[in-house]
Every structure is written in C-alpha cells, then in structure tokens.
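Dropping a structure here in structure tokens format, bear with me for questions.
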C-alpha cells in the first residue's frame, strides 16, 4: 500500500484542490483512549471516487497513507492523492514508496462484476447456473461451453483463480459466464426466486477446525432452495468424509426434500486435484438435493436512510465501544472523529453485519445530516438489521 513519511505535515484549509485531487474536509479523532495517538482523516476525491487518507505521527515522523476501510482502485489514484496533499503543504518527504510502487491494480474485466451489479442491475431471462468456488475453472468452462443458452455465475474469493478463469474465458471466447468475488453464503440473497437450474459446490474447503466457515448450513440450504427452479439441484462433490457426513445430516433434517448419493461417480470433466486424489485411492462423494417447491418472489429491502438530523454530537460520548452481538448480526463502533472547522459534523467508524462477512464503513455527519460515506452498504439482511440497530443507538 502506498505511504510516505514526512518531517512535518501541516493541515491544509478545506475544501481545496491540487493536481486534480479534491480535499473536502479533515476530521480529528475524538475521545482519544490512553496510549493512542491522534489521527486525522482527510476526505479526498479523484475522478468522482471518494476516499479517506489517514495521517498520524509515528516515532517523531509523520505518516500519511490511504485509509484501509475506504481504499479504492487503481492504486495509482491513492498514490496521486498522497503526493498532492504533501505538495499542498510543501512538506519535506523523508521516505516514500509512491514513486516506484509495484502493487497490482484491481482486476478490470468485462466478465468480472462487482456485487453491486447483482444488487442493482443484473437481469436475465435465461436459466442461471452457479458454481461456488470454481478453482481452476475447468468444470465451469466445460459447463458453459456445453450449455450456451445458460447464464453461468462463478463465485470465487481466490484472486489467482479468478485471473486464471478470466484468461481462459477470453482465449476461448466464452460469453455466458459472469464472475464475482464475493461470499457465496450472502450472494444468493440477490438472486430472484425460482431462477436457478443448478448450484455446484465442488470440493469446498472442509473447515474441520472452523465449521462456522463452511458453505453448507441450514441458512445456505434454505436460500439455495428458494432460488432453485422446480427440479433444480444443489450439487455437492467432496473428497472429505467428514464434510460429506456433515452435509448429509443437514439435508436429511429438512422438513421435505429429495437427495441422491453417489460414491466415486465419474464426471465428464474433473479437476487436477480430483485426478490426484483418485490416484491416491481417496473416495469422492456426491450429494445432490433436488428442489420440488416454487417459492414466492423475494423483495430486497434497500433502505439505509437516516430518519432525522442530529442536533449535536453528544452521542460521541455515549456510544458503546464494545462489540454488540444480536441474533444474526453485530454492531461495533470503532472510533469517532470530529470534522475541523464545521459545526455538528463528524465521522463514525464502525464494523457491523454478518459475523462471517463483516462490513467496515464510516457514517458521515455533515451539519447534522447523516449518511454512509462512500455510499450505502450491500443490502444483505444482516446489514439491514444492523442498520436499524445503528439508527436506534444514534438517536437514543
């Protein structure tokens, strides 16, 4: 991540602009805990992309770097913002990695979609098939080439696997695949009911020591059944007997359903890891759940508004600082900042939402008006429930 150290770094007047970078406001940390340093958050904008820079003293030097919560891509924009701020202050730079930094920018590709695309834009009349954790992409590519009228969605959180698949999609001119880097346990909340023909979960990480991180859970299975068409299937393939037993127990405790089980079934395509496991004599287990019900359409709530203005920032003294755990979500107020030179204006840094996919955001208060900095969170059910609790705590 780009950063620099300076001998001294003054606070500039805001709003101001330098070398194409806009600086809107500067906020100072409030209620500093013992042994914690004063921090400043510098609101910056380039090409309509808004983010924060973080500034604090460190060992008799001053450190300026991008704020991790609000960082954007490509990383060159962050580098430009750091240099523009230092230039505005005419500070002496002691050390820096902004000149020759070599950090891979975020992948930009026509096949790769942000989660917001599926929340706000994605529509199709085609049958959808989803592969969760596609790895090398060999199975997903095989399915896409043999089913050109199906819209495939591949979910993966491993960046090298995503890059490998994107390269093959271009080389083979495959047009019916979309790729998203997102947690599959939350993704299907944004897919319409009764639209998916198949969900493939091939060789998921067993997580024997951290079972709460497994893909399969009662919540995941119920959400899969909602999005599946009548006779649609949720298909697990695993080499782990423990994971197989765990999933079978979940599926056989459903109030209604049909499952089929196979051992060492041969598919038309297999991964290099599967080939290796078979040579080692390991068993491969398949468990297929078939959907027989048609579900009601799901209306996704997207209301992250705040009902009224704040008359003052007294809540900065009263907000609980420990994480608060509720049924299915949590809320943790991390830090507070007051905006310099503005009345009744500040930032709330917080983490909230799902335990397995927490969201870190800032709430911006400008002259009493409240909104989420950098836009609203993804409208998962856990985020929406957390937002309602946040409003309750802010207005209490």
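Every number here is computed from the coordinates shown, using simple stated rules; none is lab data. Since the structure is predicted, the reported quantities are computational estimates derived from the model, not experimental observations. All Cβ positions, glycine included, derive from the backbone under ideal geometry; neighbour counts span all protein chains shown.
Among [x] 37, 27, 19; [y] 42, 21, 18; [z] 44, 26, 19, which one is semi-axes √(5λ) of the Cα gyration tensor in Å computed from these coordinates?
[z]
Do you know the relative contact order of the chain, to the nearest whole percent, from alpha carbon pairs under 8 angstrom that are 6+ apart?
With pairs under 8 Å counted, the relative contact order is 13 percent.
Also: Can you order the peptides 163-175, 214-226, 76-88, 307-319 by their average number of other Cβ atoms within 10 Å per residue, highest first?
Averaged packing, sorted descending, gives the order 76-88, 214-226, 163-175, 307-319.
Round to the nearest 0.05 the FRET efficiency obtained for residue 314 and residue 342 when R0 = 25 Å and r is the Cβ-Cβ distance.
0.95
Report the FRET efficiency, 1/(1 + (r/R0)^6), for residue 110 and residue 145, where r is their Cβ-Cβ distance and R0 is 22 Å, rounded to 0.05.
Result of the calculation: an efficiency of 0.80.
A follow-up question, please. Can you give the extra length, in nm with one decimal, that the chain gains between residue 159 and residue 48 once fully stretched, where that is 0.36 nm per residue apart less the Cα-Cα distance?
Value of the extension gain: 37.3 nm.
How much length is gained if the chain between residue 58 and residue 292 is pulled fully straight, taking 0.36 nm per residue apart and subtracting their Cα-Cα distance, in nm to one decimal?
78.1 nm
Could you tell me how many degrees, from 0 to 90 and to the nearest 10, lie between the Cα long axis of helix 381-395 and the main elongation axis, the longest principal axis, of the Cα atoms of the chain?
That helix lies at roughly 30 degrees to the long axis.
In the chain, what % of DSSP beta bridges are antiparallel (nearest 5)?
Looking only at bridges with both residues in the chain, the antiparallel portion is about 75 percent.
Between residue 321 and residue 396, what FRET efficiency follows from the Cβ-Cβ distance if R0 is 22 Å, with the result rounded to 0.05?
Efficiency computed from Cβ-Cβ geometry: 0.90.
I would also like to ask the following. To the nearest 10 degrees, how steep is helix 241-251 against the longest Cα principal axis of the chain, on a 0 to 90 scale?
Helix 241-251 and the main axis of the chain meet at about 90 degrees.
Need one word for region 179-272: rounded, prolate or oblate. Basis is the Cα gyration tensor (sqrt eigenvalues a ≥ b ≥ c); a/c below 1.5 gives rounded, then a/b vs b/c decides.
It is rounded, given that a/c, with a ≥ b ≥ c, falls under 1.5.
Roughly what would the spin-label model give for residue 307 and residue 265, points 7 Å off Cα along C-beta, in nm?
Between residue 307 and residue 265, the simple spin-label model gives 5.2 nm.
What's the ranking of 369-381, 183-195, 270-282 by average number of surrounding C-beta atoms within 10 Å, highest first?
The peptides rank, most packed first, as 183-195, 369-381, 270-282.
Pull out the extension gain between residue 278 and residue 73, defined as 0.36 nm times the separation in residues minus the alpha carbon to alpha carbon distance; nm, one decimal.
69.6 nm
What's the angle, to the nearest 10 degrees (0 to 90), between helix 218-227's Cα axis and the longest principal axis of the chain?
80
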